[in-house]
């Protein structure tokens, strides 16, 4: 059973946004119910005039204060847990965040595969999506051209999205073939890139 | 660039020669000071016996151990907590529409051992009340002190010490706790503000209900678990130990009447603006210089007491309240640091070793400066950006509602920075 069939996990809050995407910061590890999204995962910024659906196209972790780089700590071969044990102050000073590219928005109770009229507000909560929302987004993948603009990261995220959408569908193989056929039309002018994406989607070559 | 470096450059050849000569002289003084510190005067009691009761304006150090004592740091305990605080403030600005000050205290709790953890936060307080911005004497209606400058700095230092007491009191478990502060343990610079008539309110606020009460609380915690509190002074500029060596080398000590063998600076045979005093021979100030040579990395000195402290000095007030302050030097590797602590903190078995072990480990982690203090500073610091955001917040939420008048012309010109 898919774990996201239940209550969707909370991932963070929007820290900056445009209509074509947003960045968000994740809550700290010890915040109850908070998690970090996976690369290529479908997420939803729930606050604002309309829920905004977006695909995670990057996940980053590093110092909260960009003027204070993390110093090298721990000798070669020392396990990470031991390094954390010796330097417990480091973890609270780190932040994890993610970037997401808009793939649709909700209006009148339906999910539309187009850009919203306005970006989600800063500090809007971001949660994971249900399998049903994932299926709705993938029903008509007209968001692909926007993802293509983000280059390699967009292609990799799209491949992950397709794999997940197929895996949660009642007919995984059929859904995989359908999605690849519809998405492939957008890559008609760049067969090399399309072949790369296909290998990412389906290393076994079924599609 | 408004500074014409060419004008400065013209002075550099002479400066270089002067500095080279000064370096040679400093080296000779250091050698003489080291020879004195490691000779017969190093024996316990010998230095004080030699100096007696000098008549000098210098503060000087009374060693409680051998003058040249060297103690090696041990490993920290298997499980312990370091709590540290540091502060910063926004002083009242007479050009602003609202008179207020902000004190921000950064707090750090680092727990080491089986279940390591860290808590880093800050506590900010904004005061705009009249009685918080001005301290008035109850004895003299005309005696009042605006809370800014040294007084605000002292208030901040008190809040830092109180925050260490808060953290020590809140610490669970029964493992050792080391409390660290940055700078001097008690704010010596407050002396002019807390002495004399009309100052009793400031004295009550900062000393009796401030430093003393916080140290009382820490001592109460130390009565039920191992707690050591100390302040850490990086690149210390104090010279009490060197002053003691100077006094011990005073030629007046070896004479009979009229001075009866007393080091008496007003009767210095070679005193005066031209310099050349006999004691300059061992004048290797500051203390950190000889201790840099005496102590190997990872070693600490013995404990010293500061002597010849004015009766009205903050230190004397705190001592009379039961908290005499001692100090020691530690070679943490990149530098010699000074630790100041209430003497009671070192009276329990192993307390000095615990403090030294933790300070050395913290400094090693922090590339020469204790990592807990580094992080407390980072939590406390108020940047120019923060200050601008605070001004904007006050203007939007209070100023707009109350229709504050325009800010002063000088402040306005600084904000615009237009050509």
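Figures for the structure shown
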| item | result |
| --- | --- |
| Condition check for residue B:6: at pLDDT below 95 and under 30 Å from residue B:173 (Cα atoms) | no |
| Candidate set: the stretch B:117-142, residues that are in contact with a helix residue (DSSP H, G or I) (Cβ under 7 Å, 6 or more places away or on another chain), within 19 Å of residue B:193 (Cβ to Cβ) and in a strand (DSSP E or B); chosen: the one farthest from the other protein chains (Cβ to nearest Cβ) | B:136 |
| Qualifying positions in the stretch A:145-161 - surrounded by 16 or more Cβ atoms within 10 Å (Cβ to Cβ) and either at pLDDT below 90 or touching a strand residue (DSSP E or B) at 6+ places or on another chain (Cβ under 9 Å) (or both) | A:146, A:147, A:150, A:153, A:154, A:156, A:157, A:158, A:160, A:161 |
| Options A:110, A:130; residue that is within 16 Å of the chain's Cα centre (by Cα) and either touching a residue at least 60 places away in the same chain (Cβ under 8 Å) or farther than 18 Å from residue A:56 by Cβ (or both) | A:130 |
| Residue in the stretch B:64-79 that is in contact with a helix residue (DSSP H, G or I) (Cβ under 8 Å, 6 or more places away or on another chain), part of a strand (DSSP E or B) and either under 30 Å from residue B:200 (Cβ atoms) or free of Cβ contacts under 8 Å to residues at least 12 places away in the same chain (or both) present | no |
| Strands (runs of 3 or more DSSP E) completely within the stretch A:88-207 that count 2 or more residues being in contact with a helix residue (DSSP H, G or I) (Cβ under 7 Å, 6 or more places away or on another chain) | A:94-107 |
| Residue that is assigned to a helix (DSSP H, G or I), touching a helix residue (DSSP H, G or I) at 6+ places or on another chain (Cβ under 9 Å), at pLDDT 95 or above and closer than 26 Å to residue B:316 by Cβ, where the choices are B:215, B:181 | B:215 |
| Residue check for residue A:31: modelled with pLDDT under 90, surrounded by 11 or more Cβ atoms within 10 Å (Cβ to Cβ) and either closer than 22 Å to residue B:108 by Cα or away from chain B (no Cβ under 13 Å) (or both) | yes |
| Breaking point among (1) away from chain A (no Cβ under 14 Å); (2) assigned to a helix (DSSP H, G or I); (3) touching a strand residue (DSSP E or B) at 6+ places or on another chain (Cβ under 9 Å); (4) surrounded by fewer than 20 Cβ atoms within 10 Å (Cβ to Cβ), for residue B:399 | (3) |
| Any pair with Cβ under 7 angstrom, 6 or more apart, that starts in the stretch A:83-102 at a residue that is facing chain B (nearest Cβ under 8 Å) and within 10 Å of residue A:28 (Cα to Cα) and ends at one that is modelled with pLDDT of 95 or more and not in a strand (DSSP E or B) | none |
| Residue among B:361, B:391 that is surrounded by 19 or more Cβ atoms within 10 Å (Cβ to Cβ) and outside the structural domain of residue B:205 (by TED's automatic domain parsing) | B:391 |
| Failed item, numbered, when residue B:78 is tested on (1) within 11 Å of chain A (Cβ to nearest Cβ); (2) closer than 22 Å to residue B:221 by Cα | (1) |
| Where residue B:7 falls short, out of the listed (1) loosely packed, with under 10 Cβ neighbours inside 10 Å; (2) closer than 30 Å to residue B:68 by Cβ | (2) |
| Matching entry among B:49, B:28, B:22 (being within 15 Å of residue B:253 (Cα to Cα) and in a helix (DSSP H, G or I)) | B:49 |
| Given (1) farther than 28 Å from residue B:113 by Cβ; (2) in a strand (DSSP E or B); (3) touching a strand residue (DSSP E or B) at 6+ places or on another chain (Cβ under 6 Å), index of the condition residue A:61 fails | (1) |
| The one condition in (1) more than 13 Å from chain B (Cβ to nearest Cβ); (2) modelled with pLDDT of 90 or more; (3) surrounded by fewer than 19 Cβ atoms within 10 Å (Cβ to Cβ) that residue A:105 fails to fulfil | (3) |
| Search result, residues across the stretch B:354-372 that are more than 11 Å from chain A (Cβ to nearest Cβ) and either assigned to a helix (DSSP H, G or I) or at pLDDT below 90 (or both) | B:354, B:355, B:356, B:357, B:358, B:359, B:360, B:363 |
| Single residue of the stretch B:102-116 satisfying the filter (within 18 Å of residue B:381 (Cβ to Cβ) and either crowded, with 23+ Cβ neighbours inside 10 Å or touching a helix residue (DSSP H, G or I) at 6+ places or on another chain (Cβ under 6 Å) (or both)) that is nearest to the other protein chains (Cβ to nearest Cβ) | B:108 |
| Lone unmet requirement of (1) within 14 Å of another protein chain (Cβ to nearest Cβ); (2) farther than 26 Å from residue A:151 by Cβ for residue A:131 | (1) |
| Scope the stretch B:269-290; condition at pLDDT 90 or above and farther than 15 Å from residue B:47 by Cβ; matching residues | B:277, B:278, B:280, B:281, B:283, B:284, B:285, B:286, B:288, B:289 |
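Yes/no matrix, rows are residues, columns are (1) crowded, with 18+ Cβ neighbours inside 10 Å; (2) away from every other protein chain (no Cβ under 14 Å); (3) modelled with pLDDT of 95 or more; (4) within 21 Å of residue A:138 (Cβ to Cβ):
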position	(1), (2), (3), (4)
A:49	no, yes, no, no
A:53	yes, yes, yes, yes
A:56	yes, yes, yes, yes
A:60	no, yes, yes, no
A:67	no, no, no, no
A:70	no, no, no, no
A:73	no, no, no, no
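The values are calculated or read from the model by the stated rules, or taken from the named source; none is laboratory data. All values reported here derive from a predicted model rather than from experimental measurement. Heads up, the Cβs are rebuilt from the backbone with ideal geometry, glycines too, and the neighbour counts pull from every protein chain shown.
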